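Here's the structure, in structure tokens; my notes come after.
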Amino acid sequence: MCYYVWRHQGAGRGTSFVFFCLLGIIYSIYASSWDLLMDWSLLRPHARFKFLRQELLYSNSIPFYYLAIITNVLIRFIWMIYIPKRGPSLALRTWIVALLEILRRCQWNVYRLENEQIGNMDQYRITREVPLPYSLDDVSLETDMGDEDDRAQVYGSVHLFRPNNDSQASLNDD
């Protein structure tokens, strides 16, 4: 909104320009910090690789982490492309900003998913087998003796529906 107020007032160097730049800088620093510290869990002081985290899934591509840190911060400050009065048209500037933001978000997703995967592995939320709430060793072939029309077999605490022979015969006659 500050951008539109600044442009509406003639894009001069007045109060609206200072307010636009101040809010843009605060937002860019905050968003970059959040991306690096919270979303990517980078910039850890005692990590094996300086400014990264202890565990990395892409350990063969360490330079790309540093490149991602730099490009993420720079693209967060891309709003500054709107400040000069001269240069490419506003439509071209907007297209460049949109393209760079798409690339930044793709990059963000790769490192965010990596961080989430590492977090899931650390907290044992990834497993090949999901434990069942019952034991397969305790399976019994007991049937409910209360009513002969009851067609449910009981296996421990699991009830399986089993059609009786009369309903099967009536289905085959049709």
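The values are calculated or read from the model by the stated rules, or taken from the named source; none is laboratory data. A quick note: this is a predicted structure, and the numbers were derived from the prediction, not measured. As a convention, Cβ positions derive from the backbone with ideal geometry for all residues, glycine included, and neighbour counts pool all protein chains shown. These accessible areas exclude ligands, DNA and RNA; they are computed on the full protein's heavy atoms, side chains included. Shrake-Rupley method; radii C 1.70, N 1.55, O 1.52, S 1.80 Å.
The table below gives the values:
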read-out	value
Calculated FRET value between Ile26 and Met121, using beta carbons and R₀ = 41 Å, to 0.05	0.70
Computed accessible area, Leu57, all protein chains, 1.4 angstrom probe, square angstrom	80 Å²
Whole-percent carbon and sulfur share, accessible surface of region 14-109, 1.4 Å	73 percent
